[in-house]
1. Can we say Leu166 is surrounded by fewer than 16 Cβ atoms within 10 Å (Cβ to Cβ), more than 26 Å from Asp122 (Cα to Cα) and touching a residue at least 60 places away in the same chain (Cβ under 8 Å)?
2. Determine which single condition Asp196 fails, assuming it passes every other condition in (1) away from the ligand (no atom under 14 Å from the Cβ); (2) part of a strand (DSSP E or B); (3) touching a residue at least 24 places away in the same chain (Cβ under 8 Å).
3. May I ask you to verify whether Glu76 is over 15 Å from the mean Cα position of the chain (by Cα) and within 9 Å of the ligand (Cβ to nearest atom)?
4. Looking at region 113-140, which of its residues are in a strand (DSSP E or B) and more than 8 Å from the ligand (Cβ to nearest atom)?
5. When only residues in region 98-112 that are among the aliphatic types (A, V, I, L, M) and loosely packed, with under 12 Cβ neighbours inside 10 Å count, which is farthest from the ligand (Cβ to nearest atom)?
6. Anything in region 74-112 that is assigned to a strand (DSSP E or B) and of a type in the set (A, V, I, L, M)? List them, or say none.
7. Given the conditions (1) polar (S, T, N, Q); (2) more than 27 Å from Lys2 (Cβ to Cβ); (3) within 14 Å of the ligand (Cβ to nearest atom), which single one is not true for Thr33?
8. Among (1) part of a helix (DSSP H, G or I); (2) closer than 26 Å to Ala119 by Cβ; (3) in contact (Cβ under 8 Å) with a residue 60 or more places away in the chain, where does Leu50 come up short?
Amino acid sequence: MKPPKFVRGAVARQFGRPRGPLGRFIGRGMARTNASFSIWLVDQVRELELSDTGRFVELGPGPGIGLAHALRTFPEARLWGIDLSTEMLAQSKKRNVDAVRVARLTLLQGDSAVLSGLAPVDLVYAAHVLYFWQLPGQELARILAALRPGGWLVLGYQLRLNMPKLAQLSFPEEGNILYDSDEQVAVLLGKAGFSDIRFLVKGSEDAPEGRLALARTAALN
Ligand SMILES: C[S@@+](CC[C@H](N)C(=O)[O-])C[C@H]1O[C@@H](n2cnc3c(N)ncnc32)[C@H](O)[C@@H]1O
């Protein structure tokens with residue numbers, strides 16, 4: 001039996017921007033259920049030949065597992081985490097307090113509009129944030145503008161058919177956008193001006209744990 005619409009809506013909104021005690025609870029849940037995907041995403045970034053001293057940004061870090069792994073994986077890099085949710089920024093800070101103290105990691109409230117103050121950056125990555133972009137073209141344009149020539153964007157997501165049934169139902173009810181194919185994501189990225197677009201899948205094609213779109217800005221000749 002599916003939960004009533006108001007419950008479905010409340011939960012879907014919490015994933016898009018965790019707030020209050022329920023948001024903190026959901027953040028702790030995401031730290032468990034999304035951890036291996038966040039870690040895998042950062043491991044794929046290692047293959048991109050980015051400078052060890054790069055400037056990296058995670059959009060929507062939620063509880064901060066991906067930030068923690070990026071700090072470990074790229075010990076010379078400077079990182080920023082940008083999230084709409086103050087509750088999630090607090091969890092990211094708690095998990096990465098040493099890096100925040102020495103200003104290797106800065107946590108900022110907001111969305112992709114914040115990126116212009118950090119440009120140029122070498123990498124922007126985001127796991128399970130794509131669905132909450134009401135205007136994905138605008139978000140991607142801001143990211144493109146903030147990346148240095150040849151910089152990378154890595155988006156982690158799940159396709160609609162691989163999402164839990166409740167998310168398939170409740171996310172669109174709340175105005176979130178679900179994607180049915182990598183091709184749809186490729187079209188968005190191409191229209192925004194990204195090139196070198198490629199895809200990776202974590203796990204089997206039948207039951208993937210998630211997938212990545214990797215794309216970059218044009219390099220200077
Ligand atoms: C579903 S959670 C994913 C959290 C984490 N990346 C993970 O995989 O566990 C989405 C996170 O992105 C944040 N978020 C949603 N839309 C955002 C936006 N436009 N800019 C920045 N953060 C956003 C939410 O507040 C939330 O912390």
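1. Yes: the conditions hold for Leu166.
2. For Asp196, the failing item is (3).
3. Considered against the rule, which asks whether it is over 15 Å from the mean Cα position of the chain (by Cα) and within 9 Å of the ligand (Cβ to nearest atom), Glu76 comes out as no.
4. Val121, Asp122, Leu123, Val124, Tyr125
5. Ranking the qualifying residues of region 98-112, first place goes to Val102.
6. Listed by number, the residues that qualify are Leu79, Ile82, Leu105, Leu107, Leu108.
7. If we test Thr33 against (1) polar (S, T, N, Q); (2) more than 27 Å from Lys2 (Cβ to Cβ); (3) within 14 Å of the ligand (Cβ to nearest atom), just (2) comes out false.
8. (1)
The values are calculated or read from the model by the stated rules, or taken from the named source; none is laboratory data. A quick note: this is a predicted structure, and the numbers were derived from the prediction, not measured. Virtual Cβ from ideal backbone geometry, glycine too; neighbours counted across all protein chains shown.
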